[in-house]
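Structure first, commentary second.
The values are calculated or read from the model by the stated rules, or taken from the named source; none is laboratory data. Given the structure is predicted, the values throughout are model-derived calculations rather than measurements. Here the Cβ is made from the backbone with ideal geometry for all residues, glycine too, and neighbour counts use every protein chain on show.
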Amino acid sequence: MKKLFYSLFALSILVGFTACEEKERAFPEYDNLEHGAFARLLSKDGNFFLTDVANSAINISVEFYDDNDGKNVASYSWVVQYIDKANGGAGSAGPVNVLTIDAAQFSTNPDTGLPFTSFSFTLQQALDALGLTTADVDGGSTFRFNGTVTLNDGRTFSASNTGSNVISSAPFSGFFSFDADLLCTSDLSGTYEVTTVGWCGNTGPTIMTQWIETSSEGIYDVVDPADPTNPDAADFSYGAYTACYGAGSTLPGGSLQIKDACNIIAPIGSSRWGEVYQFLSVTTSGSTLVIEWDNDYGEGGTSTFVRTDGTDWPPLTN
(Lines give C-alpha, C1' and ligand atoms only; values in the text may rest on other atoms or scores of the structure.)
Protein backbone atom coordinates (compact mmCIF):
# COMPACT_ATOMS: atom_id res chain seq x y z
CA MET A 1 0.00 0.00 0.00
CA LYS A 2 2.79 2.42 0.84
CA LYS A 3 4.26 1.94 -2.64
CA LEU A 4 0.97 3.00 -4.28
CA PHE A 5 0.62 5.96 -1.90
CA TYR A 6 4.06 7.30 -2.77
CA SER A 7 3.37 6.97 -6.49
CA LEU A 8 0.07 8.91 -6.22
CA PHE A 9 1.74 11.56 -4.05
CA ALA A 10 4.54 12.04 -6.58
CA LEU A 11 1.97 12.31 -9.38
CA SER A 12 0.00 14.96 -7.48
CA ILE A 13 3.16 17.05 -7.06
CA LEU A 14 3.99 16.70 -10.76
CA VAL A 15 0.48 17.77 -11.78
CA GLY A 16 0.67 20.75 -9.43
CA PHE A 17 3.94 21.95 -10.91
CA THR A 18 2.67 21.45 -14.47
CA ALA A 19 -0.54 23.40 -13.84
CA CYS A 20 1.41 26.38 -12.47
CA GLU A 21 4.02 26.49 -15.20
CA GLU A 22 4.98 29.94 -16.49
CA LYS A 23 6.87 29.38 -19.72
CA GLU A 24 8.55 32.77 -19.73
CA ARG A 25 10.72 31.91 -16.67
CA ALA A 26 13.58 29.42 -16.62
CA PHE A 27 12.54 28.14 -13.16
CA PRO A 28 8.86 29.01 -12.55
CA GLU A 29 8.72 27.31 -9.11
CA TYR A 30 11.23 29.89 -7.85
CA ASP A 31 8.40 32.42 -7.43
CA ASN A 32 6.97 30.33 -4.59
CA LEU A 33 10.16 30.35 -2.51
CA GLU A 34 11.88 32.77 -0.18
CA HIS A 35 14.07 34.63 -2.65
CA GLY A 36 17.84 34.44 -2.54
CA ALA A 37 20.23 32.93 -5.05
CA PHE A 38 21.68 29.58 -5.97
CA ALA A 39 24.18 27.99 -8.31
CA ARG A 40 22.52 25.46 -10.60
CA LEU A 41 24.65 22.42 -11.44
CA LEU A 42 25.07 21.89 -15.18
CA SER A 43 27.77 19.22 -15.19
CA LYS A 44 30.12 17.40 -12.82
CA ASP A 45 32.62 14.66 -13.55
CA GLY A 46 35.86 13.18 -12.31
CA ASN A 47 37.12 11.40 -9.20
CA PHE A 48 39.90 11.48 -6.61
CA PHE A 49 42.20 8.47 -6.84
CA LEU A 50 44.72 7.93 -4.07
CA THR A 51 46.72 5.83 -6.52
CA ASP A 52 46.87 8.61 -9.16
CA VAL A 53 47.06 11.99 -7.43
CA ALA A 54 48.52 13.83 -10.42
CA ASN A 55 45.52 13.06 -12.65
CA SER A 56 42.74 13.29 -10.06
CA ALA A 57 40.29 16.17 -10.53
CA ILE A 58 36.59 17.04 -10.15
CA ASN A 59 35.33 19.23 -13.02
CA ILE A 60 32.21 21.35 -12.48
CA SER A 61 30.04 23.80 -14.44
CA VAL A 62 27.25 25.92 -12.90
CA GLU A 63 25.05 28.89 -13.71
CA PHE A 64 23.59 31.39 -11.23
CA TYR A 65 19.97 32.26 -10.63
CA ASP A 66 18.30 35.03 -8.60
CA ASP A 67 15.60 37.71 -9.01
CA ASN A 68 17.90 39.65 -11.32
CA ASP A 69 18.84 36.80 -13.65
CA GLY A 70 21.91 35.98 -11.58
CA LYS A 71 23.34 39.50 -11.72
CA ASN A 72 23.05 39.99 -7.96
CA VAL A 73 25.68 37.32 -7.30
CA ALA A 74 28.99 38.80 -6.17
CA SER A 75 31.00 35.60 -5.68
CA TYR A 76 30.93 31.83 -5.35
CA SER A 77 33.33 30.41 -2.75
CA TRP A 78 34.23 26.93 -1.51
CA VAL A 79 35.79 25.34 1.57
CA VAL A 80 37.13 21.79 1.87
CA GLN A 81 37.58 19.46 4.79
CA TYR A 82 39.08 15.98 5.11
CA ILE A 83 36.93 13.37 6.89
CA ASP A 84 39.11 10.53 8.16
CA LYS A 85 36.81 7.51 8.03
CA ALA A 86 39.60 4.95 8.31
CA ASN A 87 40.80 6.02 11.77
CA GLY A 88 37.66 7.14 13.51
CA GLY A 89 38.20 10.78 12.59
CA ALA A 90 41.63 11.07 14.19
CA GLY A 91 43.21 12.51 11.07
CA SER A 92 40.34 14.79 10.00
CA ALA A 93 41.25 18.35 8.99
CA GLY A 94 39.59 21.61 7.98
CA PRO A 95 37.42 23.12 6.76
CA VAL A 96 39.63 25.67 4.98
CA ASN A 97 39.08 28.01 2.03
CA VAL A 98 40.01 26.41 -1.25
CA LEU A 99 38.44 28.55 -4.03
CA THR A 100 36.67 31.88 -4.59
CA ILE A 101 35.29 32.94 -7.98
CA ASP A 102 34.27 36.61 -8.25
CA ALA A 103 31.44 37.73 -10.53
CA ALA A 104 33.97 39.46 -12.78
CA GLN A 105 35.25 35.98 -13.68
CA PHE A 106 31.81 34.67 -14.72
CA SER A 107 30.90 34.27 -18.36
CA THR A 108 27.39 34.02 -19.85
CA ASN A 109 25.61 30.80 -20.65
CA PRO A 110 24.52 31.24 -24.31
CA ASP A 111 21.54 28.91 -23.79
CA THR A 112 19.96 30.78 -20.85
CA GLY A 113 21.71 34.16 -20.67
CA LEU A 114 22.59 33.51 -17.01
CA PRO A 115 26.01 34.06 -15.41
CA PHE A 116 28.07 30.91 -15.82
CA THR A 117 31.38 29.47 -14.64
CA SER A 118 33.42 26.28 -14.90
CA PHE A 119 36.08 25.24 -12.40
CA SER A 120 37.99 22.22 -11.10
CA PHE A 121 39.23 20.88 -7.81
CA THR A 122 42.32 18.71 -8.03
CA LEU A 123 43.27 16.24 -5.33
CA GLN A 124 46.65 17.96 -4.97
CA GLN A 125 44.87 21.31 -4.53
CA ALA A 126 42.72 19.87 -1.72
CA LEU A 127 45.75 18.31 -0.01
CA ASP A 128 47.74 21.55 -0.24
CA ALA A 129 44.87 23.67 1.11
CA LEU A 130 44.60 21.39 4.14
CA GLY A 131 48.35 21.05 4.65
CA LEU A 132 48.23 17.29 4.07
CA THR A 133 50.26 14.80 2.04
CA THR A 134 49.26 11.40 0.67
CA ALA A 135 50.87 9.87 3.78
CA ASP A 136 48.23 11.65 5.91
CA VAL A 137 45.16 10.30 4.11
CA ASP A 138 43.62 6.88 3.58
CA GLY A 139 41.59 5.27 0.84
CA GLY A 140 37.89 5.21 1.61
CA SER A 141 38.03 8.53 3.44
CA THR A 142 36.40 11.66 2.05
CA PHE A 143 37.06 15.25 1.04
CA ARG A 144 33.89 17.26 1.69
CA PHE A 145 33.38 20.47 -0.28
CA ASN A 146 30.87 23.16 0.73
CA GLY A 147 30.02 26.17 -1.41
CA THR A 148 28.56 29.61 -0.63
CA VAL A 149 26.89 32.12 -2.93
CA THR A 150 27.43 35.72 -1.79
CA LEU A 151 25.19 38.53 -3.12
CA ASN A 152 26.10 42.16 -3.74
CA ASP A 153 24.13 43.14 -0.62
CA GLY A 154 26.27 40.83 1.54
CA ARG A 155 23.72 38.07 2.06
CA THR A 156 25.08 34.54 1.77
CA PHE A 157 23.42 31.27 0.77
CA SER A 158 24.78 27.80 1.43
CA ALA A 159 23.44 24.31 2.15
CA SER A 160 22.68 25.40 5.73
CA ASN A 161 20.11 28.05 4.77
CA THR A 162 18.81 26.77 1.43
CA GLY A 163 15.69 24.61 1.20
CA SER A 164 16.10 20.95 0.32
CA ASN A 165 13.77 21.32 -2.67
CA VAL A 166 16.20 23.78 -4.29
CA ILE A 167 19.13 21.46 -3.63
CA SER A 168 17.58 18.11 -4.52
CA SER A 169 14.84 18.72 -7.11
CA ALA A 170 15.71 18.45 -10.79
CA PRO A 171 14.32 21.85 -11.91
CA PHE A 172 16.74 23.63 -9.56
CA SER A 173 19.74 21.31 -8.97
CA GLY A 174 21.14 23.80 -6.47
CA PHE A 175 24.82 23.00 -6.02
CA PHE A 176 26.20 23.80 -2.59
CA SER A 177 28.09 20.69 -1.48
CA PHE A 178 29.49 17.33 -2.51
CA ASP A 179 31.75 14.58 -1.21
CA ALA A 180 34.79 13.30 -3.10
CA ASP A 181 35.79 9.88 -1.78
CA LEU A 182 39.40 8.76 -2.06
CA LEU A 183 39.09 5.85 -4.47
CA CYS A 184 41.31 2.94 -5.36
CA THR A 185 41.14 0.56 -8.30
CA SER A 186 38.01 -1.54 -7.89
CA ASP A 187 37.15 -4.96 -9.32
CA LEU A 188 33.85 -6.21 -7.91
CA SER A 189 32.12 -6.97 -11.21
CA GLY A 190 30.73 -10.49 -11.28
CA THR A 191 27.75 -12.79 -10.95
CA TYR A 192 26.93 -13.99 -7.44
CA GLU A 193 24.59 -16.47 -5.76
CA VAL A 194 22.68 -14.76 -2.95
CA THR A 195 20.41 -15.89 -0.14
CA THR A 196 18.76 -13.36 2.20
CA VAL A 197 16.98 -13.59 5.53
CA GLY A 198 14.48 -10.72 5.46
CA TRP A 199 13.23 -8.40 8.18
CA CYS A 200 10.11 -10.55 8.59
CA GLY A 201 12.23 -13.55 9.62
CA ASN A 202 11.63 -15.48 6.40
CA THR A 203 14.42 -16.66 4.12
CA GLY A 204 14.03 -15.70 0.49
CA PRO A 205 14.86 -17.86 -2.51
CA THR A 206 18.47 -18.22 -3.58
CA ILE A 207 18.87 -15.88 -6.55
CA MET A 208 21.60 -14.88 -8.97
CA THR A 209 22.63 -11.24 -8.99
CA GLN A 210 25.19 -9.38 -11.06
CA TRP A 211 27.27 -6.33 -10.20
CA ILE A 212 28.41 -4.37 -13.27
CA GLU A 213 30.86 -1.48 -12.96
CA THR A 214 29.59 1.72 -14.54
CA SER A 215 31.68 4.32 -16.34
CA SER A 216 32.55 5.72 -12.89
CA GLU A 217 35.33 3.82 -11.13
CA GLY A 218 34.04 1.86 -8.14
CA ILE A 219 30.32 2.43 -8.87
CA TYR A 220 28.29 -0.71 -9.67
CA ASP A 221 24.83 -1.33 -11.05
CA VAL A 222 22.98 -4.30 -9.54
CA VAL A 223 21.13 -6.26 -12.24
CA ASP A 224 19.37 -9.57 -12.83
CA PRO A 225 21.79 -11.57 -15.03
CA ALA A 226 18.81 -13.21 -16.74
CA ASP A 227 17.37 -9.81 -17.69
CA PRO A 228 20.28 -7.33 -17.36
CA THR A 229 18.75 -4.45 -19.31
CA ASN A 230 15.49 -4.40 -17.34
CA PRO A 231 15.88 -2.16 -14.25
CA ASP A 232 12.59 -3.48 -12.83
CA ALA A 233 14.08 -6.99 -12.66
CA ALA A 234 17.04 -5.92 -10.51
CA ASP A 235 16.58 -6.93 -6.87
CA PHE A 236 18.49 -4.69 -4.43
CA SER A 237 16.76 -6.60 -1.60
CA TYR A 238 18.41 -9.81 -2.84
CA GLY A 239 15.29 -11.90 -2.30
CA ALA A 240 14.05 -10.23 0.90
CA TYR A 241 11.04 -8.66 -0.85
CA THR A 242 9.95 -12.09 -2.08
CA ALA A 243 10.44 -13.51 1.43
CA CYS A 244 8.42 -10.81 3.16
CA TYR A 245 5.97 -9.50 0.53
CA GLY A 246 5.54 -12.62 -1.59
CA ALA A 247 6.41 -13.67 -5.13
CA GLY A 248 5.78 -11.05 -7.79
CA SER A 249 6.34 -8.08 -5.47
CA THR A 250 7.56 -4.86 -7.07
CA LEU A 251 11.32 -4.64 -6.42
CA PRO A 252 13.18 -1.57 -5.05
CA GLY A 253 14.43 -0.35 -8.45
CA GLY A 254 15.24 3.37 -8.54
CA SER A 255 18.83 4.62 -8.66
CA LEU A 256 20.33 2.23 -6.09
CA GLN A 257 23.94 1.26 -6.75
CA ILE A 258 26.99 -0.10 -4.90
CA LYS A 259 29.99 2.18 -4.25
CA ASP A 260 33.44 0.72 -3.56
CA ALA A 261 35.89 3.23 -2.06
CA CYS A 262 39.12 1.31 -1.42
CA ASN A 263 37.28 -1.81 -0.18
CA ILE A 264 34.77 0.22 1.86
CA ILE A 265 31.43 -0.56 0.20
CA ALA A 266 28.14 1.25 0.63
CA PRO A 267 24.78 1.59 -1.13
CA ILE A 268 24.14 4.90 -2.89
CA GLY A 269 21.07 6.39 -4.57
CA SER A 270 17.52 5.57 -3.54
CA SER A 271 14.73 3.14 -4.38
CA ARG A 272 11.78 3.90 -6.67
CA TRP A 273 9.95 5.10 -3.54
CA GLY A 274 12.81 7.31 -2.32
CA GLU A 275 14.08 4.89 0.33
CA VAL A 276 17.74 5.23 1.31
CA TYR A 277 19.72 2.10 2.16
CA GLN A 278 22.72 1.49 4.41
CA PHE A 279 25.09 -1.42 5.08
CA LEU A 280 25.20 -2.13 8.82
CA SER A 281 28.00 -4.70 8.57
CA VAL A 282 30.13 -6.23 5.83
CA THR A 283 32.28 -9.35 6.35
CA THR A 284 34.15 -11.65 3.98
CA SER A 285 35.54 -15.16 4.26
CA GLY A 286 37.02 -16.68 1.13
CA SER A 287 34.33 -16.78 -1.55
CA THR A 288 31.58 -15.69 0.87
CA LEU A 289 30.44 -12.10 1.51
CA VAL A 290 27.82 -11.31 4.16
CA ILE A 291 26.06 -7.91 4.17
CA GLU A 292 23.63 -6.84 6.88
CA TRP A 293 21.54 -3.96 5.50
CA ASP A 294 18.42 -1.91 6.08
CA ASN A 295 16.61 1.12 4.69
CA ASP A 296 14.85 4.11 6.20
CA TYR A 297 11.42 2.47 5.72
CA GLY A 298 12.35 -0.26 8.21
CA GLU A 299 13.02 -3.03 5.71
CA GLY A 300 16.27 -4.94 6.01
CA GLY A 301 18.00 -8.27 5.87
CA THR A 302 21.18 -10.31 5.99
CA SER A 303 22.37 -11.31 2.52
CA THR A 304 25.00 -13.99 1.91
CA PHE A 305 26.81 -13.74 -1.45
CA VAL A 306 28.85 -16.63 -2.87
CA ARG A 307 31.19 -16.00 -5.79
CA THR A 308 30.74 -18.19 -8.86
CA ASP A 309 34.15 -17.55 -10.46
CA GLY A 310 36.29 -19.62 -8.07
CA THR A 311 38.01 -16.59 -6.50
CA ASP A 312 37.88 -14.97 -3.07
CA TRP A 313 36.41 -11.59 -2.13
CA PRO A 314 38.82 -8.78 -1.30
CA PRO A 315 38.80 -7.64 2.39
CA LEU A 316 35.62 -5.58 2.09
CA THR A 317 34.14 -3.61 4.97
CA ASN A 318 31.49 -0.93 5.54
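A few comments on the model shown:
- For the stretch 103-132, the tally of residues that are in a helix (DSSP H, G or I) and touching a strand residue (DSSP E or B) at 6+ places or on another chain (Cβ under 6 Å) stands at 5.
- Of the candidates 90, 135, the single residue that is out of contact with any strand residue (DSSP E or B) (no Cβ under 9 Å at 6 or more places or on another chain), free of Cβ contacts under 8 Å to residues at least 60 places away in the same chain and in a helix (DSSP H, G or I) is 135.
- The stretch 275-315, subset of a type in the set (Phe, Trp, Tyr) and assigned to a loop (DSSP other than H, G, I, E, B), residue farthest from residue 199 (Cα to Cα): 313
- Number of the condition not met by residue 145 [criteria: (1) in a loop (DSSP other than H, G, I, E, B); (2) under 21 Å from the mean Cα position of the chain (by Cα)]: (1)
- Qualifying residue in the stretch 207-220 (condition: at pLDDT 95 or above and assigned to a loop (DSSP other than H, G, I, E, B)): no
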